[in-house]
1. In the set B:220, B:162, B:212, which member is touching a residue at least 24 places away in the same chain (Cβ under 8 Å), touching a helix residue (DSSP H, G or I) at 6+ places or on another chain (Cβ under 6 Å) and away from every other protein chain (no Cβ under 14 Å)?
2. Would you check which residues across the stretch B:130-141 are more than 17 Å from the chain's Cα centre (by Cα) and assigned to a helix (DSSP H, G or I) and list them?
3. Considering the stretch B:130-146 alone, what residues qualify as being surrounded by fewer than 19 Cβ atoms within 10 Å (Cβ to Cβ) and within 19 Å of residue B:44 (Cα to Cα)?
4. Name the residue that is modelled with the lowest pLDDT, counting only residues in the stretch A:4-55 that are among the β-branched types (Val, Ile, Thr) and touching a Gly at 6+ places or on another chain (Cβ under 8 Å).
5. Here are the criteria: (1) surrounded by fewer than 17 Cβ atoms within 10 Å (Cβ to Cβ); (2) at the interface with chain B (Cβ under 8 Å from one of its Cβ atoms). Tell me which single one residue A:98 does not satisfy.
6. Residue A:56: touching a Ser or Thr at 6+ places or on another chain (Cβ under 9 Å), within 11 Å of another protein chain (Cβ to nearest Cβ), assigned to a loop (DSSP other than H, G, I, E, B) and closer than 17 Å to residue B:174 by Cα, yes or no?
7. How about the stretch B:75-121: which of its residues are touching a Ser or Thr at 6+ places or on another chain (Cβ under 7 Å) and closer than 21 Å to residue B:190 by Cβ?
8. What is the number of the single condition among (1) under 23 Å from residue B:177 (Cα atoms); (2) within 13 Å of chain B (Cβ to nearest Cβ); (3) assigned to a helix (DSSP H, G or I) that residue A:149 does not meet?
Amino acid sequence: MMKTPYVELKNVSFTYESNPVLNNVSLSVEEGDFLALIGPNGSGKSTLLKIILGLLKAKGEIKLFGEPISDFQHHEWIGYVSQKSNAFNSGFPATVKEVVQSGLTKKAGLFKPMPKDAKQKVMEALKAVGMEKFINRRIGELSGGQQQRVFIARALISEPKLLVLDEPTVGVDIKHVQSFYDMLSELNKKHHLTIILVTHDIEAPFNQISHVAFLNQRILFYGSIDEYNLLPKEQIYQWYGHSVRAV
Amino acid sequence: MIEAILHYEFLQNAFLSGIIIGFIAPLLGVFIVVRRMSLIADALSHVTLAGITGGLLLNQHIAALAFFNPIYFGIAASILGSVLIERLRVLYKHFSELAIPIIMSCGIGLSAVFISLANGFTTDVMGYLFGTVSAVSRQDLWIIVAIAVIVLLFLTIFYKELFVLSFDEEYAKASGLPATMIHFLFMIIVALTIAASMRIVGILLVSSLITLPVAGAMRLSKGFKETLVYSVVFGEMAVIIGLILAFYLDLAPGGTIVVTSIAILIIVILCKKAVQKGAQQ
């Protein structure tokens with residue numbers, strides 16, 4: 001029996017102030033996938049992510065877990081980690097515990113208090129990202145990489161089926177980028193978490209992902225990592241533009 | 001002084017309303033400050049003034065409304081102002097801060113027109129501008145109590161959603177939270193709190209009671225709940241010390257409350273610096 005895709009896009013188009021941003025994008029993300037959505041800056045990657053998250057409305061057919069996006073109510077199934085630089089004011093007076101616990105808000109429901117085992121869940125989520133020692137620290141005191149781990153813990157605490165990350169390594173110290181990707185790989189393989197990773201980073205963890213979608217207003221390539229690796233490097237080089245050298 | 005409070009109803013009203021406002025204004029102020037909306041309190045307080053002066057004018061000219069408390073007009077204007085600010089923020093989405101000066105000038109302009117049309121309620125207006133805690137009636141006190149109950153209920157019910165919305169609005173929307181509805185309710189609650197606070201500190205000083213205790217709290221606290229607690233403590237200290245000083249020194253209570261708030265803030269900043277210096281050494 002065929003499994004229902006977690007995300008299914010058919011002929012999705014989006015225009016911003018009469019400028020086309022996405023043109024007939026079709027894409028499918030299955031359970032267990034680790035999809036890297038790549039493309040140069042301004043290619044529409046973040047816009048596509050926002051459409052999947054319901055933050056922007058677009059033309060075309062969008063289904064989440066088999067349901068049309070307009071009917072979809074189980075937002076706790078999707079964990080979202082935004083670009084660190086846009087996410088929050090670093091002076092915000094909140095502890096790591098408070099930030100991670102806030103990930104349970106939707107799951108707990110309106111007019112209802114946080115679940116009684118919230119503290120335990122916070123600890124488990126922080127352990128999954130190796131940040132349990134920082135539970136009582138103020139979020140703004142942490143480095144960029146540590147903050148991103150905390151935001152992943154906030155996304156994980158509601159036990160999502162799909163983790164969506166928008167350029168998560170922007171603002172993260174380069175020496176911590178690899179360990180960050182290793183952690184994502186572990187979440188995908190050991191915890192069976194389906195992941196969509198948006199990045200313009202050509203050095204993204206191509207040995208750890210399962211699928212690649214190359215976007216530049218439209219999908220230029222979509223396939224498994226093995227198929228992607230067979231592409232002529234000049235082709236990727238051309239898609240990215242001359243300023244980036246394919247590795 | 002305690003004897004005087006026990007004897008005189010106006011002093012009881014003043015202290016009770018002061019303590020209530022000293023609690024709810026900084027509590028709501030934490031959410032206002034962390035959402036970078038501090039100036040909205042100023043804009044709404046000026047719109048409230050327009051409502052009150054309009055109300056006073058109607059009191060003068062329409063016999064049926066002669067005994068209608070102008071605070072109700074202030075509350076209505078404040079709520080209308082909060083809705084208009086939101087509309088303007090959407091209209092000027094790339095320059096959303098424009099909403100504040102537009103609404104603020106509208107409030108000041110209308111107030112000036114109403115005052116000039118009335119020719120005779122200068123004393124009342126001065127009271128609303130700088131606060132007349134001694135003129136707080138039992139009816140005013142009950143209005144403040146009702147508003148405080150609404151504010152506390154709102155903050156208790158929507159605390160977790162407000163935290164998410166304040167910390168990361170995009171995440172809140174992506175999580176499927178009804179962010180627009182909660183923000184709209186929040187703005188109405190802000191409008192109500194401003195209308196309730198103005199009797200104590202006056203319209204020109206109301207934003208100080210909302211923001212100054214929070215500014216001090218943010219220097220000391222590590223977490224959000226700690227910020228809420230410190231803000232309320234500093235707010236209550238400012239109101240109680242300010243009212244006592246005003247009683248003994250025969251000063252304007254609104255002014256003494258705000259000056260006490262500033263003094264607390266300066267002490268907190270200096271203490272924090274001294275502690276940091278000590279830690280470095």
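1. None of the other options fit; the residue is B:212.
2. B:134, B:135, B:138, B:139
3. Passing the criteria: only B:130.
4. Once the filter is applied, the top-ranked residue is A:4.
5. All conditions pass for residue A:98, except number (1).
6. yes
7. B:77, B:78, B:89, B:111, listed by residue number.
8. Going through (1) under 23 Å from residue B:177 (Cα atoms); (2) within 13 Å of chain B (Cβ to nearest Cβ); (3) assigned to a helix (DSSP H, G or I) one by one, residue A:149 breaks only (2).
The values are calculated or read from the model by the stated rules, or taken from the named source; none is laboratory data. Note that the structure is predicted; figures quoted are calculated from it, not measured. Glycine gets a Cβ as well: all are built from the backbone with ideal geometry, and neighbour counts include every protein chain shown.
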